[in-house]
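Bear in mind these aren't lab numbers, they're just calculated from the coordinates by the rules spelled out. Since this is a predicted model, take the numbers as computed values, not measurements. Because the Cβ atoms are built from the backbone with ideal geometry, glycine has one as well, and the counts that use them run over all protein chains shown.
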Amino acid sequence: MKSIAALQAAVTAAAPFDGEPSNGELDAIELEMPAILADVVLLDAQIMTIDRTPTELDERRIRRARRRVLAARRELANRSAVVSLSGGAA
């Protein structure tokens, strides 16, 4: 039976990882940030009503947050489609 420690050097030597995201990853996160923040707002609205019956105001807050999530995801999908179309045409 082989020891995992003996194989670890061969696995980790191929891909050096400094623990920081690359510039491309940071750009992708920045592009998705509106959708991420909209998801956070929706989760906050849902968490506030987790242990009680939602009031009318709570229901409106959740509906508004859901619409914001959908709008942010739609915008992200449209932006991604434009980038892929413009990237393929060149």
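Some notes on this structure:
- Backbone phi angles across segment 67-82, fed through the Karplus curve with coefficients 6.51, -1.76 and 1.60 (θ = phi - 60°), yield HN-Hα couplings of 4, 5, 5, 4, 5, 5, 5, 4, 4, 5, 5, 5, 5, 5, 5, 5 Hz in residue order; Gly and Pro are listed as x.
- 3J(HN,Hα) along segment 60-66, derived from phi through the Karplus expression 6.51 cos²θ - 1.76 cosθ + 1.60 where θ = phi - 60°, amounts to 5, 4, 5, 4, 4, 5, 5 Hz, with x in place of Gly and Pro.
- Computed from backbone phi with θ = phi - 60° and the Karplus coefficients 6.51, -1.76 and 1.60, the 3J(HN,Hα) list for segment 32-41 is 8, 4, x, 5, 5, 5, 5, 4, 5, 5 Hz; x is used for glycine and proline.
- Rough spin-label spacing in nm, given labels placed 7 Å along Cα→Cβ, for GLN46 and MET33: 2.4 nm
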